[in-house]
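Asks: Take this structure first; my questions come after.
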Amino acid sequence: MSAKEFYLNRFEIRLSGLGGQGILTLGKIMGQALALEHGFYVTQTQSYGPEARGGASRSDLVISSSPISYPKPENLDVLVALSQEACNLYFRNLKADGLLVVDTFMVEQLPTNNYVGIPFTQLAKEKLKVVQATNVLTLGALCYLLPFLNKNAAAKTLKEVFPAKIIDKNIKALNLGYSKAKQLYPDIPKKWSFS
């Protein structure tokens, strides 16, 4: 998939959770894959609490097929919440028809019945034995849920960003996130219509 196949007239994604969950790394990897591998215009901004690990953390992406005039999101198309605090804090910024993606292991009280829930942290702990892979599991799910984000392009970016010794585990995490999202939500990609 490339910017030639999809026309995005400004698509906004917020990745949010706790410091230590790899939110900022996830934002950088997604931004790099969408810009360098797919050819979109992308801005990536980030914010995290002064306590860093354990505090609120977020990474925002604005993606477009044409130059971006304002780099920060205004109405989110997608909100990824990997913590209860992040879900509570940012849900109000999600468009009425936007997509809420939550880590059901970390988010128990949901503000809506319309969401995609996957236990990312639990899968990372139990299937991969590496809780730090939660962010890449989430990336894999997003590669399935967002038709303009190609899994092979994300895998290529992972290989460029991470040290060789942890690539295999991260590719497994990417594939697991993708297959879990596909298994649980077979119809979600049809939700998006890009012309």
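Readers should treat all values here as calculations from the given coordinates under stated rules, not as data from a laboratory. Since the structure is predicted, the reported quantities are computational estimates derived from the model, not experimental observations. Please note: Cβ atoms are built from the backbone with ideal geometry, for glycine as well, and neighbour counts cover all protein chains shown.
Asks: Give me the net charge of Lys127's neighbourhood, meaning all other residues with Cβ under 12 Å from the Cβ of Lys127; Lys, Arg count +1, Asp, Glu -1.
Replies: Charge balance near Lys127 sits at +4.
Asks: Would you pull out the residues with amide H under 5 Å of Gln46's amide H, same chain only if 5 or more places away, H placed 1.01 Å from N?
Replies: The answer is Asp60.
Asks: Give the distance, in whole Å, between the Cα centre of the range 1-45 and the Cα centre of the range 51-90.
Replies: Cα centroid of the range 1-45 versus Cα centroid of the range 51-90: 10 Å apart.
Asks: Counting pairs of alpha carbon atoms under 8 Å apart in space and at least six apart in sequence, what relative contact order in percent does the chain give?
Replies: 21
Asks: Please give, to one decimal in nm, the separation of the simple spin-label points placed at Lys182 and Asn113, each 7 Å out from Cα toward the Cβ.
Replies: Distance between the two pseudo-spin positions: 3.0 nm.
Asks: Taking θ = phi - 60°, what integer Hz values does the Karplus form 6.51 cos²θ - 1.76 cosθ + 1.60 yield along the range 70-82, in sequence order, with x for Gly and Pro?
Replies: Calculated HN-Hα couplings, in order: 10, x, 9, x, 10, 9, 6, 7, 9, 10, 9, 10, 9 Hz.
Asks: Could you give the semi-axes, largest first, of the ellipsoid that matches the range 11-184, computed as the square roots of 5 times the alpha carbon gyration tensor eigenvalues and rounded to whole Å?
Replies: Taking √(5λ) for each Cα gyration eigenvalue gives 21, 20, 16 Å.
Asks: Mind ranking 143-149, 73-79 by how tightly packed they are, going by the mean number of other C-beta atoms within 10 angstrom, highest first?
Replies: 143-149, 73-79
Asks: Sticking with this one: With n ≥ 4 as the cut-off for DSSP H runs, can you work out [θ] at 222 nm for the chain, using -39500 (n - 2.57) per run divided by the number of residues, rounded to the nearest 500?
Replies: Result for the chain: -9500 deg cm²/dmol, rounded to the nearest 500.
Asks: Before anything else, pin down the relative contact order of the range 80-165: Cα pairs under 8 Å, at least 6 apart, normalised by residue count, whole percent.
Replies: 18
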